[in-house]
1. Looking at the chain, which longest stretch skips every one of the GluC sites (Glu not before Pro) that is in a DSSP loop with at most 15 other Cβ atoms within 10 Å, leaving the sites themselves out?
2. For the chain, with every protein chain kept in place, what is the accessible area per residue (1.4 Å probe, Å²)?
3. Give the shape of the range 1-72 as rounded, prolate or oblate, defined through the alpha-carbon gyration tensor: a ≥ b ≥ c are the square roots of its eigenvalues, a/c under 1.5 means rounded, and otherwise the shape is prolate if a/b is larger than b/c and oblate if not.
4. Sticking with the crude label model, points 7 Å out along Cα→Cβ, report the distance from Ser100 to Asn38 in nm, one decimal please.
5. Taking Lys82 as the anchor, which aspartates and glutamates have their alpha carbon closer than 18 Å to its alpha carbon, excluding any fewer than eight residues away along the same chain?
6. Report, in listed order, any pair from Lys13/Lys64; Lys37/Lys63; Lys31/Lys63; Lys37/Lys72 with a Cα-Cα distance greater than 23 Å.
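The values are calculated or read from the model by the stated rules, or taken from the named source; none is laboratory data. It should be emphasised that the depicted structure is a prediction, and the values quoted were computed from it without experimental measurement. Please note: Cβ atoms are built from the backbone with ideal geometry, for glycine as well, and neighbour counts cover all protein chains shown. The accessibility values were calculated without ligands, DNA or RNA, using every heavy atom of the protein model including side chains. Shrake-Rupley method; radii C 1.70, N 1.55, O 1.52, S 1.80 Å.
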Amino acid sequence: MGDSSTFDVETAKAALMDILEAFEKHEQAPKLEQAKKNCGNDMLKTMQYVFPILVQIQMDVIKKYGFSDDRKGIVQFTQEIKVLEQEDETIMNLHGQIRSYFMPPINITNEALL
């Protein structure tokens, strides 16, 4: 688990930037891009194929910051980030960028609004 006394705003920013960089440069990045292409804007397919890759990449990064590389570690990391993003706008923005990877692109047409 992350140690709250060492997981401060600056460490959180570094972790979030490492995650964003890993989404682009991780050994699984090509697999991630292909999965995103194959899923398009289908949320169910995104959850089935893209989410597991994103979560694995995140787990690989957060273990460097003292969190376990499992589901519990992801939850603890996210909870820490949620607290820190209330204090720091940069953390909020970086976390928002990470969350955007988890959502497929949404194309809104006039028909969808009716």
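1. 28-86
2. Per-residue value: 63 Å².
3. prolate
4. Rounded to a tenth, the inter-label distance reads 2.5 nm.
5. Asp3, Asp8, Glu10, Asp18
6. Lys37/Lys63; Lys37/Lys72
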